[in-house]
Amino acid sequence: MGQRLTGRTCLVTAAGQGIGRATAVAFADEGARVIATDINESALASLSAARPDIAVERLDVCDRDAILAAARQHREVDVLFNCAGFVHHGTVLDVGEDDYDLSFDLNVRSAFRMSQAFLPSMLERESGRLLMVSSVASSIKGMANRCVYSATKAALIGLVKSMAADFVGQGIRVNAICPGTVQTPSLDERIAAQGGNPEDVRRAFVERQPMGRLGQPEEIAALVVYLASEESAFVTGQAFVIDGGLSM
Ligand code: NAD
């Protein structure tokens, strides 16, 4: 328990599980008032049961009207953590038009919509932090079978850098977090979806890790807390790699 975010209001998307959930908990542990959002209401209910101090709300990051309503309701948000994202598996030959549109809508346009909705009240206060979850599979490293996913995560880095440049003089900081492979429920689903022996698929994920292990959501959350707090007051427009050496 710390106090690095005492007095701050932090809104997290995709907070039902994985990195979003771990970050919502880490924000609350640092004294923040946390609004945890997701489309999975049972995951939100389980978070609320485990941590009654965290407020939970359904929010679909693809629903512009719902986002605008949330921004009107929560004008006090200081830290916006855009965590929602989806991993499409495949090469350029495997990406249909629908996969392409869904990936860009959920991974990039969501962050654009959320930023457009929440930034104006941050600008009124001349204080705000916007954080986006990109990935090492982006402009940082070419990874097999991550074609459209990597394109979306590279686009997020461009969004972060341009927003940071536009508002650097108005108290706004914008940064990207670029994880390597992290042990989350969606990783388990991706392993199961690949067919074959799940233990062999998991071993292949671990073997490409120079540290010989996957990341934990709490390790990513620790970096997000730093970027959300005053400790990182001199930091903006950057893409922070946290990948156990995968891209070194
Ligand atoms: P996850 O994939 O296990 O969970 C994603 C959550 O997003 C779920 O709770 C789901 O209900 C929610 N969600 C899906 N569609 C939504 C929508 N339209 N609106 C709101 N919420 C929605 O979580 P994760 O693996 O921790 O991934 C979180 C982020 O981290 C993603 O952007 C992902 O691309 C990125 N990332 C993950 C890894 C990894 O290895 N897990 C690595 C690099 C980057």
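Here are the numbers for this structure:
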item: Filter result (open to solvent by 40 Å² or more (accessible area, probe 1.4 Å) and either in contact (Cβ under 8 Å) with a residue 60 or more places away in the chain or of a type in the set (Val, Ile, Thr) (or both)) within segment 148-186; result: Lys161, Ala165, Val168, Pro185, Ser186
item: Selected residue (only one of Ala36, Ala15 is surrounded by 24 or more Cβ atoms within 10 Å (Cβ to Cβ) and touching a Gly at 6+ places or on another chain (Cβ under 8 Å)); result: Ala36
item: Condition check for Ala193: within 23 Å of Leu11 (Cα to Cα), small (Gly, Ala, Ser), open to solvent by 40 Å² or more (accessible area, probe 1.4 Å) and in contact (Cβ under 8 Å) with a residue 12 or more places away in the chain; result: no
item: Tally, over segment 56-65, of residues that are surrounded by fewer than 20 Cβ atoms within 10 Å (Cβ to Cβ) and in contact with a strand residue (DSSP E or B) (Cβ under 8 Å, 6 or more places away or on another chain); result: 2
item: Condition check for Arg33: more than 16 Å from the ligand (Cβ to nearest atom) and not β-branched (Val, Ile, Thr); result: yes
item: In segment 153-183, the residues that are more than 9 Å from the ligand (Cβ to nearest atom) and either of a type in the set (Ser, Thr, Tyr) or under 28 Å from Asp200 (Cα atoms) (or both); result: Ser162
item: Listing of helices (runs of 4 or more DSSP H) fully contained in segment 180-248 that carry 2 or more residues being farther than 30 Å from Gly128 by Cβ; result: 185-193, 198-207
item: Meets criteria (within 16 Å of the ligand (Cβ to nearest atom), under 26 Å from Ala137 (Cβ atoms) and open to solvent by 60 Å² or more (accessible area, probe 1.4 Å)) for Phe27; result: no
item: Single match in Ala111, Ala69, Ala84, Ala22 (criterion: at pLDDT 95 or above, within 16 Å of the ligand (Cβ to nearest atom) and surrounded by fewer than 15 Cβ atoms within 10 Å (Cβ to Cβ)); result: Ala69
item: Meets criteria (charged (D, E, K, R) and without any contact (Cβ under 8 Å) to a residue 12 or more places away in the chain) for Asp60; result: no
item: Residue count for segment 101-147, restricted to those that are of a type outside the set (Lys, Arg) and assigned to a strand (DSSP E or B); result: 6
item: Check on Pro198, more than 30 Å from Phe118 (Cβ to Cβ) and open to solvent by 40 Å² or more (accessible area, probe 1.4 Å); result: yes
item: Matching entry among Asp98, Asp53 (being part of a helix (DSSP H, G or I) and surrounded by fewer than 20 Cβ atoms within 10 Å (Cβ to Cβ)); result: Asp98
item: Residue among Thr91, Thr6 that is without any contact (Cβ under 8 Å) to a residue 40 or more places away in the chain and among the hydroxyl-bearing types (Ser, Thr, Tyr); result: Thr6
item: Only one of Ser186, Ser150 that is among the polar types (S, T, N, Q), under 21 Å from Val108 (Cα atoms), within 13 Å of the ligand (Cβ to nearest atom) and at pLDDT below 95; result: Ser186
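The values are calculated or read from the model by the stated rules, or taken from the named source; none is laboratory data. None of these values were measured; they are calculated from a predicted model. Positions of Cβ are generated from backbone atoms using ideal geometry, with glycine treated the same way; all protein chains shown enter the neighbour counts. Ligands, DNA and RNA are stripped out before the accessible areas are found, and what is left, the full protein with its side chains, is counted by its heavy atoms. Shrake-Rupley method; radii C 1.70, N 1.55, O 1.52, S 1.80 Å.
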